[in-house]
Structure formats: structure tokens, C-alpha cells
Amino acid sequence: MGDKLDFIREEMERLRNEGLLITIRRMDTPPGAWMVVDGRKVLNFCTNNYLGLATHPRLKEAAIKAIEEWGAGPAAVRSIAGTQRLHLELEERLARFKGVEAALYVQSGFCANQAAIPPLVGPEDVIFSDELNHASIIDGCRLSRAKIVVYKHCDPEDLEEKIKEHLPNYRRGLLVTDGVFSMDGDIAPLDKLYEVAEKYGLITMVDDAHGEGVLGRGGRGIVDHFGLHGRFDIEIGTLSKAFGVVGGVIAGKKVIVDFLRQKARPFLFSSAVTPADTAACIAAVDLLEESTELVDRLWANANYFKSEMKRMGFDIGASQTPIVPVMLGEAPLAMEFSRRLFEEGVFAMALGFPTVPRGKARIRVMNTASHTKEDLDRGLEAFHKVGRELGVISG
Ligand SMILES: *Cc1c(COP(=O)(O)O)cnc(C)c1O
């Protein structure tokens, strides 16, 4: 008889053989444009610190002050004794910033999807979900036990066909889509999806984790980008990416947010976010409301990087945002490319199956406002060198 854990060894061996085993690197410094990673100083294109807020003095100061005033942790779930004034203040500020009636702050973007979806739909209902939706949306959908119907990526026509086919068999329907797709950097056609969903009376939900602080006026997100204020029922966001801290937000109609305060399981059964994190998030909203400078710089950097990559002959897929996928095909090539970049002092992640479909492995570059022109040129130079060396580009 074999060891009961042999299945793990076999699966790990399989991942290793297929070049799918992920290397988990150790960060030795905070997430800036340059970081020390596994003891080596490298140019960082991996973190989601779009606006450089993770290390911003105003956020650090707010966090330290909150610890002095409030202590380290809230020691309770939100619904019992964990709702501190800071949480309510952040929720009001986020609602105002985004131009919605109400907002609920939860532990993470991942939690936000688990919090929002199951109370809205159950086994008698149907969810229409984009085929490339984020894992946390997929898990939130599964937890609801509703029927999940997957429509073609960013395809309102396919959505409509699927609605016609399935909606009559169910009590109610929910449309859910990523706003910005984190693996490709493309943007959901929210206006067209909304039109279809509205026609059939679906509840509408968008997860704007990579659009929060990036898209829309001064980073107000994807609903603002499309001018759909008051139309989308629920906007999920994260405070862990552009906002530079940690946490998730569910923003939208007051009737929904009030309902979720009664029903959302991460809100009811998992402790509230710490005062330090909450206060730092408030400081991030302050900064975004004061100036669009960081958002503007982020886009200028991204546009420069993308046009130079294209000029060199790289395939950067369908990117419409500061997320730049450098399409390479097979996972072992992407891994090798990433490893060589690291040797050249550039930290950019290789993504393979199951994070992206088989045969669509890539390097993903995350642009930020923290990079200088010299940093970007340094990164481009490394891409040029490794790209030629590995036969990806010819120039
Ligand atoms: C990153 C991401 C999340 C998770 O957000 P966290 O705050 O890191 O938990 C959720 N949804 C989407 C679409 C994301 O890209």
C-alpha cells in the first residue's frame, strides 16, 4: 500500500515536469519601483501598486496614528462589536468618491465577491458569468449554488443568446463580469453588457479590482469610465491594488448594501479590518480626491511602455490598461523569459496554466506611477535583449 500523501507528490511532480510549478519569491523590501527580491535589487513590474500608494508617507502616517488611537485590531466581527467609526467613515468616503448611494468595506476583494453574490442568488436562480472572470467571482458564484452559465469573453451577443436560453427556467438572473481582466488588461464593454442585462431585468454586478484608482475620472473606476452612474447595481472594488492597502468594497444601491450587512457571511463571521488598514484607506481616498496627478502619470507611463513594446515587435495582446501581457505561447518559454529578465535585473512574472489558458502563457508587466522614464527604458532594454536572445522578436 502506498503512502496516503502520494497523490500530492505525484501532482507536484506533474507540475514540475510540465513547467507549471510556481516559484514563490521572497521580497526583502517594500513594494516600490525597485525592490530587493531574493536578495537581488531589481526593477519591479509585478506588484499592483499602480499609484505608488503602498509606501506613501500620508498612508503610513494615517496607519501609525490609527494604531496609537485604536490599537492593533478590532477584536470582533463587524456585526457584533467590530464596526468602528473608522470603518463607517471609510464607507461614506468611498460611496461619495464613487458617486454611489452606499458602500460596504470588507476584508478583501476576494471576500467581497463571497459576500455579495450568495445573498443575491440561490439554487433557483441563474448567473451569467464572463468566461475569463476572476477566481474570486467564480468561487462566489459556486458558493451561491445558483446555476452558472458562462458566456464568451466580453461578448454581449453571446450573453443575450444565453439569457434567452436559460433565464426562463429560473427565478431571477445576475450578470457578473470583471471590469478590467487582470491577465489581459482588456476592459469589459460595460455599456453594451448593461443594455442586454437591463432588457431582461438582470441584477448587474462588475468587479473593478484593477479599475479602482485606475479607470474613470481621477480613478473613480469603470462605472465612471462608462458614465453608467446609478445603473450598475453592484460595483466590487479592492483597496489592495491601486489604493495600496488591503480590503474590498461593495458599492452601489443602499437597499443592496443594507441587505448585505444582514446577510453577507464574511461580514458576519470574519473579523473586521484593522484600524491601521482602514485609516490608510481613508488617506488614499483623500489623495485621490485632492489630485489626479498620480493617475495621470500611471497612464502616461503605461502608454509609453506599450508603444515601445509594440515598436520592438512584441505581441501585447488586447491590453487597454496599464496591465501589459507579453504573449509568448508555451509556459516553459514564459518561465525562461522571466528567469532571464530577472538575471538582467527586471522582475516580471510569467503566467501559465491554470492562471491563463494552455498555450497562452505570457509575461505580465504591471506599470505604475512610481516608475521613472529611466526605469521604463531600463525595463524595455531588458525585454529587447531577452526577446532577441530567445527568438521572440527579430529586431
Ligand atoms: C485581485 C482581484 C481580486 C482580489 O482582491 P484582493 O483585495 O486582493 O482580495 C478580486 N477580483 C478581481 C477581479 C481581482 O483582480
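Candidates 340, 311, 362, 388: the one that is within 28 Å of residue 221 (Cα to Cα) and either not hydrophobic (A, V, I, L, M, F, W, C) or not in a helix (DSSP H, G or I) (or both) is 362. Quick test for you: out of 71, 82, pick the one residue that is open to solvent by 20 Å² or more (accessible area, probe 1.4 Å), in the same structural domain as residue 212 (by TED's automatic domain parsing) and in contact with a Pro (Cβ under 9 Å, 6 or more places away or on another chain). Going through 71, 82 in turn, the sole match is 71. Checking each residue in the range 1-35 for being open to solvent by less than 40 Å² (accessible area, probe 1.4 Å) and assigned to a strand (DSSP E or B) picks out only 35.
The set of residues in the range 119-141 being touching a residue at least 60 places away in the same chain (Cβ under 8 Å), open to solvent by 10 Å² or more (accessible area, probe 1.4 Å) and more than 16 Å from the ligand (Cβ to nearest atom) consists of 119, 120.
Within the range 142-175, the set of residues being open to solvent by less than 60 Å² (accessible area, probe 1.4 Å) and either acidic (Asp, Glu) or at pLDDT below 95 (or both) comprises 155, 158, 160. Out of all the residues in the range 104-111, is one or more assigned by TED's automatic domain parsing to the domain that holds residue 236, surrounded by fewer than 20 Cβ atoms within 10 Å (Cβ to Cβ) and of a type in the set (A, V, I, L, M)? Within the range 104-111 (the criterion being assigned by TED's automatic domain parsing to the domain that holds residue 236, surrounded by fewer than 20 Cβ atoms within 10 Å (Cβ to Cβ) and of a type in the set (A, V, I, L, M)), the answer is no, since none of the residues qualifies. Residue count for the range 156-204 under the criterion of being closer than 19 Å to residue 227 by Cα and of a type in the set (Ser, Thr, Tyr): the result is 3. Looking at the structure I just gave you, is residue 192 closer than 23 Å to residue 212 by Cα and either surrounded by fewer than 17 Cβ atoms within 10 Å (Cβ to Cβ) or out of contact with any helix residue (DSSP H, G or I) (no Cβ under 6 Å at 6 or more places or on another chain) (or both)? Spelling it out, residue 192 is indeed closer than 23 Å to residue 212 by Cα and either surrounded by fewer than 17 Cβ atoms within 10 Å (Cβ to Cβ) or out of contact with any helix residue (DSSP H, G or I) (no Cβ under 6 Å at 6 or more places or on another chain) (or both).
Please verify whether residue 99 is assigned by TED's automatic domain parsing to the domain that holds residue 284, at negative phi and not hydrophobic (A, V, I, L, M, F, W, C), treating the condition exactly as stated. Judged against the criteria, residue 99 is not a match. Would you pick out the residues in the range 99-117 that are within 16 Å of the ligand (Cβ to nearest atom) and not in a strand (DSSP E or B)? Within the range 99-117, 107, 108, 109, 110, 111, 112, 113, 114, 115, 116, 117 meet the criteria. Pairing each residue of the range 201-225 that is free of Cβ contacts under 8 Å to residues at least 24 places away in the same chain with any residue that is open to solvent by 10 Å² or more (accessible area, probe 1.4 Å), provided the two are 6+ apart or on different chains, yields C-beta distances under 6 Å for 216/224; 216/225. The condition of being assigned to a helix (DSSP H, G or I), away from the ligand (no atom under 13 Å from the Cβ) and either open to solvent by less than 30 Å² (accessible area, probe 1.4 Å) or within 27 Å of residue 369 (Cα to Cα) (or both) holds for residue 224.
The values are calculated or read from the model by the stated rules, or taken from the named source; none is laboratory data. What you are looking at is a predicted structure, and each value in this text was computed from that prediction instead of being measured. Here Cβ is always computed from backbone atoms with ideal geometry, including for glycine, and neighbour counts include all displayed protein chains. When the accessible area is computed, the model is the full protein with side chains, heavy atoms only, and any ligands, DNA or RNA have been set aside. Shrake-Rupley method; radii C 1.70, N 1.55, O 1.52, S 1.80 Å.
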